[in-house]
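Chemist: I'd like to ask you about the structure that follows.
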């Protein structure tokens, strides 16, 4: 009985001092700060606070696309990989969708499914180069980052913008259903699936093992190539899904859709406590990271000018960067301190982990 | 870091600052100024290339990039080298900023945004290993020339300029694949690695 209590207490403490709890605290703190200091005018010209339901939904709607990309990147980064191409793929998918619907005259649902498929194929290109040919993910996705955006620009000649999508499709990005913005349901669905995949399946375990040691995973008989392929193809499909939501929200598809989103998504993932060196991280953390950044971005615009210096957008960038560095330093602190304390004097043969 | 740099925009917040006249082209005429910018950059490149090639400090960088633990056992302090390299990076970015500023009477806080990925691409195409320890500055320079020359070449060939980024991406992928193939054929037994 007592041992049970003890273990329970231990778990409880472990639960409390988890990194995610810290992130949740930051989220609550910044939300409360905006709640007390933030004001804005609503559609009818009335001065309202930050706490309105409309604003919460606004934050949710604007964070869905980057949130989806962050969810797509979490499994990839768990394998110590990276996918810089998701933002470009969002642009390419949006253009492909617009072209299929507008130019080829496909029905919307068919064009949407074809876009998801195209996203999977594009992710497959990354997967083949990374998982089969064993090229470094950074270089491969840097190449496809250029390639996807370039193909999108070539398809539209840098000018064509697809608009006039049917109302039924725009519903997906602009209306509410069952009490939430429509895209939030898709986002939550994907979040739940990715969470299940990463935390409750063999595949998720394999992702982590690959992140710690690809050789170890190989010798342990795990399907390294197949799991890596799954991670990158899934990133492609989710990026295409984000493109559909993006198109539905703005009502237009353009080649420059999602420019720079990949770095925001990576920031959210890393802020969420996922190690960029692989093996460590949670989907919950990623979701909290997305929320912290989204609330900060939206909330700073509601503060009086004096507090937020000049521009909300730039302040948000600055604060996000500072928060990220703080988080990284915090994560590195215990290791650094223990290394300081327990450095052996004759450590000539102490193997240190291979730097990634 | 990238996000933090965005915060620099705060300083000016999109406003252009008019610099004193003497700053532009270092106070020389435009034609002379262009030469100074070009020669300054090339001179720095040659100096650094020679430095990484022949100076002990330069070889330390290769040693740490190749195998930090082996370098440490050989008496190099990897942390110091890493620190020095990043500090040098900051100094070089500052130098690039100066060369950029003198070309126009205005300072734009957004100057250079998006350049980081292009630069990495050029370095990789130039044969510098992303896993560290291999490559040279002249290689990176050639890679840069290759990527920069796509756009004029397209115009010359009467191909639509919108293909530039796509071709850039294709070159990166081909260069990376070729590099790995070259190493594979040289080493009989390829290492089992998912990520580098």
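Chemist: Please give the per residue volume of the convex hull enclosing the alpha carbon atoms of segment A:136-295, rounded to a whole number of Å³.
Modeler: It comes to 128 Å³ per residue, whole-number rounded.
Chemist: Suppose only helical runs count, i.e. DSSP H with n ≥ 4. What mean residue ellipticity at 222 nm does that imply for chain A under -39500 (n - 2.57) per run, divided by all residues and rounded to the nearest 500 deg cm²/dmol?
Modeler: Values: 14 runs with 243 residues, N = 356.
Helix-only estimate at 222 nm: -23000 deg cm²/dmol.
Chemist: Here is a follow-up. D for segment B:122-171, whole µm²/s, Stokes-Einstein with Kirkwood Rh over alpha-carbon pairs at 20 °C and 1.002 mPa s: what number?
Modeler: In µm²/s, the coefficient rounds to 186.
Chemist: Using only Cα atoms, locate the centre of segment A:117-178 and the centre of segment A:226-248, then give the distance between them in Å, rounded to an integer.
Modeler: Here the answer is 8 Å between Cα centres.
Chemist: OK, next. Within 10 Å of each Cβ in peptide A:126-136, how many partner chain Cβ atoms are there on average? Round it to a whole number, please. Working shown, then result.
Modeler: Details: counts 1, 0, 0, 4, 2, 1, 0, 5, 9, 8, 11.
Partner-chain Cβ atoms within 10 Å, mean over residues of A:126-136: 4.
Chemist: Taking the Cβ of each residue in B:159, B:180 as the centre, tally the other Cβ atoms inside 10 Å and list the residues starting with the fewest.
Modeler: By the 10 Å Cβ count, ascending: B:159, B:180.
Chemist: Also, I was wondering about something else. Within 10 Å of each Cβ in peptide A:257-264, how many partner chain Cβ atoms are there on average? Round it to a whole number, please.
Modeler: Average per residue, whole number: 2.
Chemist: A further question follows. Give me the Å³ per residue figure for the convex hull around the C-alpha atoms of segment A:69-146.
Modeler: 86 Å³
Chemist: Continuing with this model, one more query. How big is segment A:103-154 on each of its three principal axes, counting only the C-alpha atoms and giving the largest first in Å?
Modeler: 39, 22, 11
Chemist: Can you give the Kirkwood hydrodynamic radius of segment A:230-271 from its Cα pairs, in Å with one decimal?
Modeler: Values: mean 1/r = 0.0879 Å⁻¹.
About 11.4 Å for segment A:230-271.
Chemist: Taking every pair of distinct Cα atoms and averaging 1/r, then inverting, what Kirkwood hydrodynamic radius in Å comes out for segment A:65-207?
Modeler: The Cα-based Kirkwood calculation yields 16.7 Å.
Chemist: Over chain A, with a single point scatterer placed on each C-alpha, what log10 of the ratio I(q)/I(0) does the Debye formula yield at q = 0.07, 0.08, 0.09 1/Å?
Modeler: -0.34, -0.44, -0.56
Chemist: Tell me, A:269, B:148 in order of fewest to most beta-carbon neighbours within 10 Å?
Modeler: B:148, A:269
Chemist: Report, to two decimal places, the Cα Rg of segment A:31-111 normalised by 2.2 N^0.38 Å (N = number of residues).
Modeler: Taking the Cα Rg and dividing by 2.2 N^0.38 Å, one obtains 1.62.
Chemist: Which of A:194, A:151, A:28 moves the most in a Gaussian network model of chain A with Cα springs under 10 Å?
Modeler: Among A:194, A:151, A:28, the largest mean-square fluctuation in the Gaussian network model of chain A belongs to A:28.
No lab work stands behind these numbers, since they all come straight from the coordinates. Model, not experiment: these values are computed from the prediction. So basically every Cβ, Gly included, is an ideal-geometry build from the backbone, and we count neighbours across all protein chains shown.
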